[in-house]
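In what follows, a structure is listed as structure tokens, so that the remarks can point back to it.
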Amino acid sequence: MKSLKIPLIKNGTVIDHISAGNAVKVIYILQVTQSLESVVSVAMNVKGILGKKDILKIENRELARREVDKIALIAPKATINIIRDYKVIKKHRVKLPDEIIGIAVCPNPTCISNYKEPVESRFIVIDKEIPRIKCYYCERELEEIADKIIS
Amino acid sequence: MNFKGKDIISIRDFSKTEINFILKYAKKMIPYAKGEKTTDILHGKVLSSLFFEPSTRTRLSFESAMNRLNGKIIGFADPTATSQKKGESLADTIRMAEAYSDIIVMRHHLEGAARLAAEFSNVPVINAGDGAGRHPTQCFLDLFTILLEKKKIDGQNVILLGDLKYGRTVHSLAYALALYGAELTFVSPKNLQMPKEIVSECKELGANIQSTSKLDKAIRNADVLYVTRIQKERFPDAEEYNQVVGTYQINNELLNNVNENLIIMHPLPRVTEISPEVDQTDFAVYFKQAFNGVPIRMALLSLLTGETL
Ligand SMILES: [Zn+2]
């Protein structure tokens, strides 16, 4: 954790290696701002060994794997560090789940998911590495995923 | 193999083994579809036939299939008659239809509509076309026609001709033919070529693929010529459209130098793509193809309700 340019936190989650500029979208996807207890701090454009990155710190909340894995959509290289008493007790790289519910919007204007139906948008992950996803309903693949995030 | 309670949304949901099973079972339905034999396996069953978008041909084919099996049909053929016009969600219409029937057939103008309907229905949903999207029963009947006419699908030289870019039913067909190991030639005007992702999908399935805009050369070695309609709206001006349509006109002159066992297919309705003179030749199977929709749909209605011959 010494490499972090933002102050250490006592307990919580640090998300490192977010592609530069995407931290705000990650916050949106995680919806952490809705839980008022957490202090969230953001460092953007931090110079790392692999170029610029964003870092996100969420105090007093340990994000579960299934909660956080979906951020791989826009931050495929992100690592999750769970902090207890200033120590990293768990660390893992995000990995996309098989399906993404909500979060993004299907770009197809004639897709049923864009009409008033009692369903959330739903996407099948076809490639976890790149990443590539396609709409469960119309099967259209999403391009420029970051732009299709609901906000 | 048990299909009871399953949905038919996309041909991609089926393995080759499953498709084979369905095609084989559809063969058994032929004498019943022709009225040579009778059966009442679907006696007491009700089909909801929900056509949010009109399609007389597909609807009549399904209704004939249900009637031949002695089932009953409720539903609508005209979207203006539905409560969707009054703002009801598709999900609610489906919940209602589910309560009234044992199986649902639906056509809708929005892509993915059938997939959504299946989520809200405990009775099987058959997709009879969702907008520019999928039309799996058409794909089944196309495969069935090739199988009946040619005895096998693998190794056949199949030309897909026409609008290969926007016609998504032709994408599903290309996929299914590749799955069966057919050799594919895509013939289309430059602006309406088969999308790259479909071509690579077919290649991944091991199909040999050629693409060209020239029909006269490609047709010489073809076993199957599958013709689709080219819509005027796809072209910037009428002149360009007329030129393209002229090049792909199927007439007896074009058919002088072809394989004598060639079959010509078309999902119908045709406009000017195939001259009426071709109808009299042995090449023309498109009317048989239309009939084949009935045994295929009978087979699906039977398998999905679990009431089999
Ligand atoms: Zn969609």
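The values are calculated or read from the model by the stated rules, or taken from the named source; none is laboratory data. Worth saying up front: this structure is predicted, and the values here are computed from it rather than measured. All Cβ positions, even for glycine, are placed from backbone atoms using ideal geometry, and neighbour counts span all protein chains on display. SASA here: full protein model, heavy atoms, side chains in, ligands and nucleic acids out. Shrake-Rupley method; radii C 1.70, N 1.55, O 1.52, S 1.80 Å.
Data overview
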read-out: Where B:R12, B:R297 fall by accessible area, highest first, once all protein chains stay in place (1.4 Å); value: B:R12, B:R297
read-out: Solvent accessible area, Å² - A:R84, 1.4 Å probe, full protein context; value: 120 Å²
read-out: Shielding of B:106-115 by partner chains, average beta-carbon count, 10 Å; value: 6
read-out: Volume in Å³ per residue [convex hull over Cα atoms, computed for the range A:59-124]; value: 108 Å³
read-out: Inverse of mean 1/r across different Cα pairs in the range B:1-158, Kirkwood, Å; value: 16.5 Å
read-out: Rg(Cα)/(2.2 N^0.38 Å) for the range A:24-151, N = residue count; value: 1.14
read-out: Paramagnetic reach from A:R93 in the range A:109-135 [backbone N under 17 Å; point 7 Å along Cα→Cβ]; value: A:127-132
read-out: Heavy-atom SASA rank of B:F21, B:F287, B:F76, A:F123 (probe 1.4 Å, accessible area, largest first); value: B:F287, B:F21, B:F76, A:F123
read-out: Anchor B:K45: lysines whose Cα lies under 30 Å away (excluding residues fewer than 8 positions away in-chain); value: B:K4, B:K6, B:K16, B:K24, B:K27, B:K28, B:K34, B:K37, B:K72, B:K85, B:K86, B:K288
read-out: Chain B - Rg over Rh from alpha carbon coordinates, Kirkwood radius; value: 0.97
read-out: Using alpha-carbon coordinates, inclination of helix B:56-68 to the longest axis of chain B, degrees; value: 50 degrees
read-out: Residue-level accessible surface for B:S211, protein heavy atoms, 1.4 Å, Å²; value: 80 Å²
read-out: If the convex hull is drawn through the Cα atoms of the range A:12-93, its volume per residue in Å³; value: 85 Å³
read-out: Dipole in debye (nearest 20) - the protein assembly as shown, about Cα centre, beta carbon charges: Lys, Arg +1; Asp, Glu -1; value: 1660 debye
read-out: Choice from A:A64, A:A104, A:A20 showing the highest fluctuation, given a GNM over chain A with Cα pairs closer than 10 Å; value: A:A64
read-out: Candidate lysines - alpha carbon under 28 Å from A:K10, same-chain residues fewer than 8 apart omitted; value: A:K2, A:K25, A:K47, A:K52, A:K53, A:K57, A:K70, A:K77, A:K87, A:K90, A:K91, A:K95
read-out: Calculated over the protein assembly as shown: convex hull of Cα atoms, volume per residue (Å³); value: 179 Å³
read-out: Most positive-pole-ward Cα, B:A238, B:T228, B:F14, against dipole of the protein assembly as shown from beta carbon charges; value: B:F14
read-out: Mean Cα-pair separation over length for the range B:136-290, i.e. relative contact order, pairs under 8 Å, 6 or more apart, %; value: 22 percent
read-out: For residues of A:136-143, the mean tally of beta carbons on other chains within 10 Å; value: 5
read-out: Under 26 Å from the Cα of B:K217 - lysines, other chains or at least 8 residues apart; value: B:K150, B:K151, B:K152, B:K165, B:K190, B:K196, B:K203, B:K232
read-out: Shielding by partners, peptide A:117-125 (average Cβ within 10 angstrom, other chains); value: 3
read-out: Heavy-atom accessible area ranking, 1.4 Å probe, most first, across B:R168, A:R66; value: A:R66, B:R168
read-out: The range B:47-72-the range A:109-151 distance, computed between alpha-carbon centres (Å); value: 32 Å
read-out: For the range A:60-88 and the range B:129-151, distance of Cα centres in Å; value: 47 Å
read-out: Cα Rg over Rh - the range B:5-79, Kirkwood; value: 0.99
read-out: Rg followed by Dmax, in Å, when the range A:99-148 is reduced to its Cα trace; value: 10.1, 33
read-out: Charge dipole (chain B, unit charges on Cβ, about Cα centre) - positive-most of B:A290, B:I250, B:Y166; value: B:A290
read-out: Under 5 Å, built H, 5+ apart or other chain: amide partners of A:I133; value: A:I126, A:L142
read-out: Relative packing of B:125-133, B:23-31, B:271-279, which averages over residues the other C-beta atoms within 10 Å, highest first; value: B:125-133, B:23-31, B:271-279
read-out: Cβ-Cβ FRET estimate between A:E141 and B:R57, R0 fixed at 35 Å, reported to 0.05; value: 0.70
read-out: Residue-averaged [θ]222 nm for chain A, counting only DSSP H segments that reach four residues, each worth -39500 (n - 2.57); value: -2000 deg cm²/dmol
read-out: Efficiency of FRET from Cβ geometry, B:T281 and B:Q243, R₀ 25 Å, rounded to 0.05; value: 0.45
read-out: Solvent-accessible surface (1.4 angstrom probe) belonging to B:K214, in square angstrom, nearest 10; value: 120 Å²
read-out: Distance from the range B:265-309 to the range B:205-233 (C-alpha centre basis), Å; value: 20 Å
